[in-house]
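Below is one structure, written out as structure tokens; comments come after it.
The values are calculated or read from the model by the stated rules, or taken from the named source; none is laboratory data. What you see is a predicted model, and the numbers here were worked out from it, not measured in a lab. With ideal geometry, Cβ positions are generated from the backbone for all residues, glycine too; neighbour counts draw on all protein chains shown. Just so you know, the surface numbers come from the protein's heavy atoms only, side chains and all, with ligands and any DNA or RNA stripped out. Shrake-Rupley method; radii C 1.70, N 1.55, O 1.52, S 1.80 Å.
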Amino acid sequence: DHYEPIAWEDAFALIAKHLNQLQSPNDAIFYTSGRTSNEAAFLYQLFVREYGTNNMPDCSNMCHESSGVALIETVGIGKGSVKLEDLYLADLIIIAGQNPGTNHPRMLSALEKAKRNGAKILSINPLHETGLVAFSNPQTVGGLLGAKTDLSDVFLQVRINGDVPLFKALLKLMHEEEQKNGGVFDWKFIEEKTTGVQDLLVDLEKYTLVQLADDCGLTLSQLREAAELIIRSEKIIACWAMGLTQHKNAVDNIREVVNLLLLKGSIGKPGAGTCPVRGHSNVQGDRTMGIWEMPPKSFLDSLEKQFGFQPPREHGYNTVEAIKAMHERKASVFFAMGGNFLSATPDTVYTAQALRNCSLTAHVSTKLNRSHLVTGEEALILPCLGRTDQDIQHGEAQFVSVENSMGVVHQSKGKLKPISEFLLSEPDIVRRLANAVLECKSVVDWDSYVAHYDNIRSAIERTIPGFENYNERVRKPGGFYLPNGARDGDFKTNTGKAAFSVNQYVPLKLAEEEYLMMTIRSHDQFNTTIYGLDDRYRGIYNERRVVLMNEQDVHKRGWKAGTKVDLFNYFGGVELTAPQLIILPYSIPERCVATYFPETNTLVPIDSFADRSMTPTSKTVIIQMKITD
Ligand SMILES: Nc1nc2c(c(=O)[nH]1)N[C@H]1C(S)=C(S)[C@@H](COP(=O)(O)OP(=O)(O)OC[C@H]3O[C@@H](n4cnc5c(=O)[nH]c(N)nc54)[C@H](O)[C@@H]3O)O[C@H]1N2
Ligand SMILES: Nc1nc2c(c(=O)[nH]1)N[C@H]1C(S)=C(S)[C@@H](COP(=O)(O)OP(=O)(O)OC[C@H]3O[C@@H](n4cnc5c(=O)[nH]c(N)nc54)[C@H](O)[C@@H]3O)O[C@H]1N2
Ligand SMILES: [Mo]
């Protein structure tokens with residue numbers, strides 16, 4: 001019921017006591033958010049694996065996991081294939097399920113430059129997001145004068161989760177044109193570099209354009225206009241974010257995007273390729289460093305060879321599995337390297353109970369948050385330096401490094417004086433944790449690594465391919481690129497070729513008063529950190545408990561702007577609720593509604609997740625609404 005100050009040594013001794021009395025290391029869970037540097041992440045996974053578990057769920061599980069699963073099997077690498085320069089060379093940039101104006105504002109200048117170079121933009125979104133449809137860049141003269149540019153040449157206001165039928169319709173229209181006049185598909189690329197095209201083309205015969213258009217909520221002429229852009233382009237880049245990854249069929253969404261690129265030969269050459277746009281500053285680097293509940297065998301073999309201990313081989317828990325394990329008391333220690341687990345995960349009430357069932361919950365944090373308030377029997381907050389803080393070890397200022405969405409590894413060095421002398425860096429926290437938990441049993445010389453972070457980078461260089469001369473190259477301005485087979489047209493799949501895929505979809509049937517809800521971010525938040533109550537690009541001020549709802553749907557219910565409603569659903573017989581939200585008529589397809597994350601995470605069922613990637617379906621939540629009593 002309260003926290004009190006504790007000495008660092010006592011905190012680590014307490015964690016060691018809890019971890020060392022577990023029956024199995026697999027009874028502990030080690031979560032990671034995506035801010036942790038390469039250096040801290042590498043040490044952290046090394047400690048967790050020497051301790052003996054792969055239970056390393058991370059925020060990727062809720063974010064781009066579906067992209068990773070789809071891309072690894074189709075093009076052989078779970079990351080995007082484009083560089084920033086590619087955007088400037090593209091004929092067409094597709095932006096699906098992403099709101100760059102708010103979430104990736106720096107990308108807008110790149111898109112603007114791409115447009116000046118002649119690129120067309122096709123946007124696919126249930127909302128007319130500003131930035132996609134009316135963009136004013138304050139850095140240009142037009143922007144200063146208030147003129148707005150339409151970045152999108154074609155905008156498809158797709159129904160929530162209508163992307164598979166939408167892409168199927170586009171593929172079908174491309175195929176029709178190919179059969180009629182030819183010149184649409186890149187047959188040389190398809191024959192040399194891919195497998196499975198015939199299966200895809202045969203499968204497309206099963207669908208009619210009329211049915212597909214109906215299932216994605218668009219007209220045939222809108223789809224034709226979009227297909228026309230694709231047919232005429234040779235270099236296409238597809239960008240996407242959470243609008244594609246957080247659905248039951250999210251992996252299929254992304255595989256359809258890949259199908260489109262492969263038919264056009266638009267991957268593995270300049271100006272073309274895949275661009276999953278990431279969230280946290282180092283979420284991609286953390287994966288490269290081995291923060292993964294399903295590490296590849298080659299990675300574990302390399303750890304074993306370099307460090308001489310036997311890392312656990314069985315897969316660990318992902319985020320959903322970790323919550324369930326704690327709920328069922330199969331796991332009882334929860335340790336988090338950053339993040340806000342309680343608020344970011346689905347089914348807040350269920351997850352809260354899961355955390356309360358633990359004997360210990362411990363959070364390495366830069367800011368206080370909700371997760372610190374819902375605790376195990378004992379709880380610790382371990383305050384750490386942020387990325388902007390100076391990090392001094394043995395009298396020398398250290399820097400860390402991170403990997404961005406385009407696979408560039410670069411330096412990050414804090415300059416600010418830390419607000420307290422008691423804050424520790426994340427690598428130092430891992431060092432002390434490892435020393436306390438593993439004591440002299442450890443075969444790793446933890447102290448030497450943290451004495452100078454060059455030593456951590458040397459260990460990374462020896463363990464993970466692509467980091468040759470890490471210390472030298474990371475010091476160069478701009479950093480360096482990691483190897484990326486898909487970028488070079490070298491697809492590291494089982495067959496050595498890129499794979500077309502056949503994807504199914506089951507149109508969602510909504511009952512009489514059911515709606516499809518997506519949970520989205522406002523302008524004034526970074527994930528679970530809310531800075532203010534405004535969402536200025538969407539014109540929503542001073543309120544976050546709103547339901548964006550189609551105007552006709554509002555009318556049909558006899559409601560109006562400002563009607564106060566309770567949201568609820570029954571998934572698997574359990575009632576989930578979010579009380580007292582305000583109706584806001586908005587331009588959104590019929591039967592679709594939007595609410596803000598994390599307030600409505602209470603409505604995302606714990607058992608509703610994407611096939612194969614197990615990402616919670618935060619963008620397909622079936623709900624009902626009733627007027628608040
Ligand atoms: N300012 C700010 N920046 C951020 C973040 C933040 O919270 N604030 N978060 C960071 C993180 S971790 C991430 S992952 C990214 C997230 O970046 P985004 O993915 O852009 O964030 P969301 O708000 O989840 O928006 C999803 C978009 O997809 C659309 N969408 C929803 N459902 C569907 C669908 O079924 N089909 C299609 N085609 N579109 C759909 C929504 O209308 C919305 O425009 O942003 C990162 N950057
Ligand atoms: N319904 C719904 N749920 C979602 C989503 C959605 O769209 N809808 N999006 C999902 C996505 S894409 C993501 S990425 C997750 C985000 O899940 P998380 O990464 O768990 O959540 P954040 O809100 O980013 O975490 C913020 C906290 O991280 C800590 N922190 C910040 N910087 C640092 C640092 O440098 N070091 C350390 N140690 N701590 C730090 C601070 O204490 C801060 O309070 O949420 C997911 N949840
Ligand atoms: Mo994310």
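In a residue-by-residue description of the stretch 615-623, the property of being among the charged types (D, E, K, R) and out of contact with any strand residue (DSSP E or B) (no Cβ under 8 Å at 6 or more places or on another chain) applies to no position.
Taking the numbered list (1) away from ligand 3 (no atom under 16 Å from the Cβ); (2) under 30 Å from Leu373 (Cβ atoms) in turn, Thr32 passes all entries but (1). Determine whether Val547 is within 16 Å of ligand 2 (Cβ to nearest atom), in contact (Cβ under 8 Å) with a residue 40 or more places away in the chain and either more than 19 Å from Ile606 (Cα to Cα) or not β-branched (Val, Ile, Thr) (or both). Spelling it out, Val547 is indeed within 16 Å of ligand 2 (Cβ to nearest atom), in contact (Cβ under 8 Å) with a residue 40 or more places away in the chain and either more than 19 Å from Ile606 (Cα to Cα) or not β-branched (Val, Ile, Thr) (or both). Checking each residue in the stretch 468-486 for being buried (at least 19 other Cβ atoms within 10 Å of the Cβ) and over 24 Å from the mean Cα position of the chain (by Cα) picks out Tyr470, Val474. Considering only residues of the stretch 334-384 that are closer than 21 Å to Ser618 by Cα and charged (D, E, K, R), which is most open to solvent (accessible area, probe 1.4 Å)? The selected residue is Arg370. If you go through the stretch 372-414 and pick out every residue that is assigned to a loop (DSSP other than H, G, I, E, B) and of a type in the set (A, V, I, L, M, F, W, C), you end up with 5. Per the conditions (1) of a type in the set (Val, Ile, Thr); (2) closer than 27 Å to Phe307 by Cα; (3) under 28 Å from the mean Cα position of the chain (by Cα), the sole criterion not satisfied by Ile381 is (2). A count restricted to the stretch 247-281 and to residues that are under 17 Å from Asn503 (Cβ atoms) and within 13 Å of ligand 1 (Cβ to nearest atom) stands at 9. If only residues of the stretch 235-246 that are within 21 Å of Thr102 (Cα to Cα) and assigned to a loop (DSSP other than H, G, I, E, B) are counted, the one that is nearest to ligand 3 (Cβ to nearest atom) is Ala241.
The residues of the stretch 215-234 that are assigned to a helix (DSSP H, G or I) and either more than 27 Å from the chain's Cα centre (by Cα) or within 16 Å of ligand 2 (Cβ to nearest atom) (or both), listed by number, are Leu220, Ser221, Gln222, Leu223, Arg224, Glu225, Ala227, Glu228, Leu229, Ile231, Arg232.
Would you call Gly80 open to solvent by less than 20 Å² (accessible area, probe 1.4 Å), assigned to a loop (DSSP other than H, G, I, E, B) and either farther than 30 Å from Arg457 by Cα or not acidic (Asp, Glu) (or both)? Yes; evaluated as a whole, the condition is true for this residue.
Taking the stretch 426-510 and the helices (runs of 4 or more DSSP H) fully enclosed by it, the elements with 1 or more residues that are basic (Lys, Arg) are at 426-438, 453-463, 470-473.
Filtering the stretch 250-265 for residues that are open to solvent by 10 Å² or more (accessible area, probe 1.4 Å) and under 24 Å from the mean Cα position of the chain (by Cα) leaves a non-empty set. Is it the case, given these coordinates, that Glu512 is modelled with pLDDT of 95 or more and more than 16 Å from ligand 2 (Cβ to nearest atom)? Criteria not met by Glu512.
The single condition among (1) small (Gly, Ala, Ser); (2) within 16 Å of ligand 2 (Cβ to nearest atom); (3) modelled with pLDDT of 95 or more that Gly279 does not satisfy is (3). The conditions of being within 16 Å of ligand 3 (Cβ to nearest atom), touching a Lys or Arg at 6+ places or on another chain (Cβ under 8 Å) and either modelled with pLDDT of 95 or more or closer than 23 Å to Val444 by Cβ (or both) are not met by Ser266.
Is it true that Pro589 is in contact with a Gly (Cβ under 6 Å, 6 or more places away or on another chain) and open to solvent by less than 30 Å² (accessible area, probe 1.4 Å)? The answer is yes for Pro589. Would you check if there is a residue in the stretch 282-302 being part of a helix (DSSP H, G or I), aliphatic (A, V, I, L, M), within 19 Å of Tyr44 (Cα to Cα) and within 16 Å of ligand 2 (Cβ to nearest atom)? Yes; the residues of the stretch 282-302 include at least one that is part of a helix (DSSP H, G or I), aliphatic (A, V, I, L, M), within 19 Å of Tyr44 (Cα to Cα) and within 16 Å of ligand 2 (Cβ to nearest atom). Of all residues in the stretch 527-537, one or more are open to solvent by 70 Å² or more (accessible area, probe 1.4 Å), of a type outside the set (A, V, I, L, M) and at pLDDT below 95. Screening Glu73, Glu65, Glu50, Glu85 for residues that are within 16 Å of ligand 2 (Cβ to nearest atom), of a type in the set (D, E, K, R) and either modelled with pLDDT of 95 or more or open to solvent by 10 Å² or more (accessible area, probe 1.4 Å) (or both) leaves exactly one candidate, Glu65.
If the condition is being in a helix (DSSP H, G or I) and within 26 Å of Thr74 (Cα to Cα), then the stretch 194-212 contributes Val197, Gln198, Asp199, Leu200, Leu201, Val202, Asp203, Leu204, Leu209, Leu212. Note on the stretch 507-522: residues that are touching a residue at least 12 places away in the same chain (Cβ under 8 Å) and either more than 16 Å from ligand 3 (Cβ to nearest atom) or among the hydroxyl-bearing types (Ser, Thr, Tyr) (or both) total 10. Per the conditions (1) touching a residue at least 24 places away in the same chain (Cβ under 8 Å); (2) over 22 Å from the mean Cα position of the chain (by Cα); (3) within 13 Å of ligand 1 (Cβ to nearest atom), the sole criterion not satisfied by Pro616 is (2).
Inspect all residues belonging to the stretch 96-111 and state whether any of them is open to solvent by 10 Å² or more (accessible area, probe 1.4 Å), at pLDDT below 95, closer than 22 Å to Asp153 by Cβ and of a type in the set (Lys, Arg). Among the residues of the stretch 96-111, at least one is open to solvent by 10 Å² or more (accessible area, probe 1.4 Å), at pLDDT below 95, closer than 22 Å to Asp153 by Cβ and of a type in the set (Lys, Arg), which makes the answer yes.
Once the stretch 571-581 is narrowed to residues that are open to solvent by 50 Å² or more (accessible area, probe 1.4 Å) and in contact with a strand residue (DSSP E or B) (Cβ under 8 Å, 6 or more places away or on another chain), the residue that is modelled with the lowest pLDDT is Phe571.
The residues in the stretch 89-112 that are over 20 Å from Lys619 (Cα atoms) and either within 7 Å of ligand 1 (Cβ to nearest atom) or not in a loop (DSSP other than H, G, I, E, B) (or both) can be counted, and the count is 11.
Against the numbered list (1) within 16 Å of ligand 1 (Cβ to nearest atom); (2) in contact with a strand residue (DSSP E or B) (Cβ under 9 Å, 6 or more places away or on another chain), Val320 comes up short only at (1).
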